[in-house]
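Have a look at the structure below before the remarks.
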Amino acid sequence: MSAAPAPKAADGSAAYIGRFKVWRGDADGGELKDFEVEVNEGEVVLDIIHRLQATQAHDLAVRWNCKAGKCGSCSAEINGQPRLMCMTRMSVFAPDETVTVTPMRAFPVVRDLVTDVSFNYTKAREIPSFVPPPGVGLGEYRMRQEDVGRSQEFRKCIECFLCQNTCHVVRDHEENKAAFAGPRFLMRIAELDMHPLDAAEEAGLDRKSAAQDEHGLGYCNITKCCTEVCPENIKITDNALIPLKERAVDRKYDPLVWLGNRIRRR
Amino acid sequence: MATTETPGPARPAEPSGGVHAPGRAAIAARHLRTDRWWLAPAVTATVLTVFVVYSTWRAFANADYYAAPYISPYYSPCIATDCVNMRGGADLQIFGPWWGLSPALLVLIFPLGFRLTCYYYRKAYYRGFWAAPPACAVAEPHGKYTGETRFPLILQNVHRYFFYFALVFAVILTYDAALGFRDAAGHWGHMGLGTVVLLVNVALIWVYTLSCHSCRHIIGGRLKNFSKHPVRYRMWGWVGRLTAHHMALAWGSLVMVAVADLYVYLVASGAFADPTFF
Ligand code: SF4
Ligand code: SF4
Ligand code: FES
Ligand code: FES
């Protein structure tokens with residue numbers, strides 16, 4: 001909070017000169033740099049970053065594409081909150097508030113606001129893909145709406161990786177990255193396990209146990225930060241992670257199921 | 001994983017830092033949030049602490065838990081011989097006189113286990129007491145984290161069994177609430193403020209219990225093809241609507257169960273006379 005009122009823009013419109021702190025640097029180090037940038041009515045944080053780039057910091061690195069909250073490129077942290085820069089309106093901040101913009105803090109930084117998100121692509125590759133049902137040709141898939149409704153919510157994901165970035169399992173513990181797929185990809189397992197035509201089980205692949213044994217579902221302690229930051233408002237914890245935990249319980253911790261399996265194996 | 005180490009039991013990776021790990025943007029602050037992120041965990045921890053202290057006192061008190069016709073939810077069912085005599089109540093005398101402690105201790109482990117392993121309360125106390133994490137994007141103070149992958153927290157997976165017990169308790173408390181329509185002498189056709197308190201309590205216990213995530217799974221969530229189970233699909237939809245409010249229901253029923261006990265305590269100890277409607 002600062003005492004001095006924000007300077008007014010020259011033409012007396014609703015525009016004002018806003019104070020910003022933007023992280024500049026690379027993997028070898030960096031710092032928060034102060035800037036004063038014009039803010040106009042209706043603008044979002046990404047507009048300010050673009051104006052900053054155009055007028056004061058020409059080499060500022062920033063990743064973006066759609067400016068419509070649909071490509072998932074412009075993920076960053078604004079006043080410490082993981083958000084999309086293009087979907088964060090300047091009107092949520094007071095004109096005299098200093099707005100801090102940093103890159104995502106769970107991933108290695110490339111430069112300025114750009115991070116290396118390849119962790120997520122590695123994790124995506126570790127999830128076994130959809131197993132086509134035997135005897136059903138392409139173009140012959142028929143599914144009923146009530147069977148796919150649940151997983152349609154997960155298909156809204158724009159892969160911004162804000163959830164992956166916020167999840168304390170890896171954000172606060174680099175060493176867990178090898179063992180933990182993260183909310184976005186555990187949600188992918190849930191989606192496939194709920195898919196009415198996925199034939200993984202027939203092919204000998206148990207997604208429920210694998211979620212726990214190979215993709216680190218047990219690391220999640222359902223504290224819901226992934227859900228809090230998802231710009232698509234996907235109820236990741238309630239609709240994907242908890243149901244997946246319950247499915248793993250069916251397989252691994254249900255004594256009746258366990259007993260049945262022991263007997264069948266005899 | 002490729003490793004050159006000698007083979008042996010899988011060892012957890014060594015802690016190698018969080019937001020200050022090498023390669024990440026060099027920002028000294030643990031977090032840069034400017035809102036009051038500490039408020040929610042602080043309120044959670046405070047209310048839970050008050051509840052635990054109050055409940056511990058009441059559970060060990062072994063007194064003032066029955067004010068005919070009302071029984072405190074902390075002491076129902078009462079399954080020891082030293083329970084006060086409750087006319088027609090859930091008073092079962094399974095444990096003989098050798099049980100010298102409060103009868104509440106015999107039954108409270110079930111609702112306690114249900115709430116301790118509840119998916120919502122887990123979030124509440126992991127954040128409020130354990131600071132793992134204290135709030136989103138606020139670095140936690142722990143060097144190492146294994147979550148629910150190992151003992152003891154892996155036991156959280158038993159939640160659904162506590163859910164089954166919780167259903168039994170909900171039925172018993174419903175019975176207790178129904179008995180609230182009899183007067184102190186055991187004649188039907190009475191209603192007092194205590195009846196209303198017990199009714200509201202049991203209603204909240206029911207919606208909280210039915211909104212349980214394990215319930216949602218058992219009712220229908222575990223199915224792959226909803227179209228083959230239209231009835232369970234509809235019920236899954238209803239339970240899901242309750243589950244969306246699980247947090248509010250968890251708090252509501254937590255507060256109400258303590259209020260119901262306090263009400264019985266006040267009437268039983270003579271501090272307050274139960275207003276009678278008819
Ligand atoms: S709910 Fe689980 S996956 Fe989501 S942020 Fe929390 S710990 Fe991570
Ligand atoms: S689940 Fe939400 S937060 Fe996570 S990557 Fe997808 S859109 Fe982003
Ligand atoms: S630029 Fe595409 S989501 Fe922000
Ligand atoms: S009671 Fe909260 S999830 Fe089961």
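The values are calculated or read from the model by the stated rules, or taken from the named source; none is laboratory data. The shown structure was predicted, so the numbers you read here are calculated from the model rather than taken from an experiment. Neighbour counts are summed over all protein chains in view; Cβ atoms, including those assigned to glycine, are modelled from backbone coordinates with ideal geometry. Heads up: the accessible areas ignore ligands, DNA and RNA and are worked out on the full protein's heavy atoms, side chains in. Shrake-Rupley method; radii C 1.70, N 1.55, O 1.52, S 1.80 Å.
With contacts taken as Cα pairs under 8 Å and at least 6 residues apart, chain A reaches a relative contact order of 16 percent. Note: relative contact order over the range A:15-115, using C-alpha pairs below 8 Å and six or more positions apart, is 34 percent. Computed from Cα atoms, the angle from the helix A:45-55 axis to the main principal axis of chain A rounds to 50 degrees.
Mean residue ellipticity, 222 nm, helices only, chain B: the sum of -39500 (n - 2.57) across DSSP H runs of n ≥ 4, divided by residue count and rounded to 500, is -15000 deg cm²/dmol. Under a model in which nothing but the beta-carbon of Lys, Arg (+1) and Asp, Glu (-1) is charged, the protein assembly as shown shows a dipole of about 1240 debye around its Cα centre.
Kyte-Doolittle cut-off -0.5, length cut-off 27 Å along the helix's own axis using Cα: show which whole DSSP H helices in chain B pass. Could you put the intermediate results ahead of the total?
Values: long enough: B:39-61 (33 Å, 1.36); B:159-179 (30 Å, 1.28); B:246-268 (32 Å, 1.63).
TM-like helix candidates: B:39-61, B:159-179, B:246-268.
Result for chain A in a Gaussian network model with C-alpha springs under 10 Å: among A:ASP28, A:ASP198, A:ASP96, the largest mean-square fluctuation is at A:ASP28. For the range A:182-188, the Karplus equation 6.51 cos²θ - 1.76 cosθ + 1.60, evaluated at θ = phi - 60°, returns couplings of x, x, 4, 8, 5, 5, 5 Hz by residue, with Gly and Pro reported as x. Computed over chain A, the per-residue total of -39500 (n - 2.57) for DSSP H runs of n ≥ 4 gives a 222 nm mean residue ellipticity of -8500 deg cm²/dmol, rounded to 500. Taking every alpha-carbon pair within chain A, the share separated by more than 30 Å comes to 41 percent.
Would you work out the relative contact order for chain B, in percent, from Cα pairs under 8 angstrom that are 6 or more residues apart? Numbers along the way, then the final one.
Working: 323 pairs, mean separation 59.0, N = 278.
Dividing the mean separation by the residue count of chain B yields 21 percent.
In the assembled protein chains, B:MET256 presents an accessible area of approximately 30 Å² (probe radius 1.4 Å).
I'd like the mean, over residues of A:212-221, of how many other protein chain beta carbons sit within 10 Å of each residue's own Cβ. Walk me through the intermediate numbers first.
Details: counts 4, 0, 0, 0, 3, 3, 9, 5, 3, 15.
For this peptide, the per-residue mean of nearby foreign Cβ atoms is 4.
Let a ≥ b ≥ c be the square roots of the eigenvalues of the Cα gyration tensor of the range B:128-241; is it rounded (a/c under 1.5), or, if not, prolate (a/b larger than b/c) or oblate?
Values: a/c = 2.79, a/b = 1.53, b/c = 1.82.
Oblate, because a/c is 1.5 or more while a/b does not exceed b/c.
Highest mobility in the GNM of chain B, judged by mean-square fluctuation with C-alpha springs under 10 Å and restricted to B:ALA184, B:ALA59, B:ALA28, is found for B:ALA28. Note on A:LYS70: lysines with a C-alpha under 22 Å away, same-chain residues under 8 apart excluded, are A:LYS123, A:LYS156, A:LYS235.
If you keep only loop residues by DSSP, which trypsin sites (Lys or Arg not before Pro) in the range B:203-263 have at most 12 other Cβ atoms within 10 Å of their Cβ? If you can, show how the numbers build up before the last one.
Details: sites: B:ARG216, B:ARG222, B:LYS224, B:LYS228, B:ARG232, B:ARG234, B:ARG241; in loops: B:ARG222, B:LYS224.
In loop regions of the range B:203-263 (DSSP not H, G, I, E or B), there are no sparsely surrounded trypsin sites (Lys or Arg not before Pro).
Largest GNM mean-square fluctuation among B:PRO152, B:PRO41, B:PRO103, using chain B with Cα springs under 10 Å: B:PRO152. Here is the size of the protein assembly as shown from its Cα atoms: Rg then Dmax, 27.7, 88 Å. Listed as lacking a disulfide-compatible partner in chain B: B:CYS118, by the criterion of no other cysteine Cβ under 4.7 Å.
Could you sort A:46-58, B:71-83, B:134-146 so that the peptide with the highest average Cβ count within 10 Å comes first and the rest follow in order? If you can, show how the numbers build up before the last one.
Numbers: A:46-58: 16.6, B:71-83: 23.9, B:134-146: 19.1.
Result, highest mean first: B:71-83, B:134-146, A:46-58.
For the range A:163-185, which residues drop by 10 square angstrom or more in accessible area between the chain on its own and all protein chains together (1.4 Å probe)? The answer is A:THR166, A:HIS168, A:ARG171, A:ASP172, A:HIS173, A:GLU174, A:GLU175, A:ASN176, A:ALA178. The GluC sites (Glu not before Pro) of the range A:173-266 meeting both criteria, a DSSP state outside H, G, I, E and B (loop) and at most 10 other C-beta atoms within 10 angstrom of the site's C-beta, are A:GLU202. Please label the shape of the range A:118-265 as rounded, prolate or oblate, based on the square roots a ≥ b ≥ c of the eigenvalues of the alpha-carbon gyration tensor (a/c under 1.5 means rounded; beyond that, a/b larger than b/c means prolate, else oblate). Oblate is the answer for the range A:118-265, as a/c is 1.5 or above yet b/c matches or exceeds a/b. Shielding by partners for peptide B:181-190, expressed as the average number of C-beta atoms from other protein chains within 10 Å of each residue's C-beta, is 0.
Need one value for A:188-200: mean number of C-beta atoms belonging to other chains within 10 Å of its residues' C-beta atoms.
1
Ordering B:GLY189, B:PHE162, B:PRO73 by Cα displacement along the dipole of chain B toward the positive end leaves B:PHE162 in first place; charges were set at the Cβ atoms of Lys, Arg (+1) and Asp, Glu (-1).
When a/c is below 1.5 the answer is rounded, else prolate if a/b is larger than b/c, else oblate, so apply that to chain B with a ≥ b ≥ c taken from the square roots of the Cα gyration tensor eigenvalues.
Values: a/c = 2.11, a/b = 1.86, b/c = 1.14.
Prolate shape, in that a/c is at least 1.5 and a/b is the bigger ratio.
The alpha-carbon positions of the range A:18-134 define a convex hull whose volume is 125 Å³ per residue.
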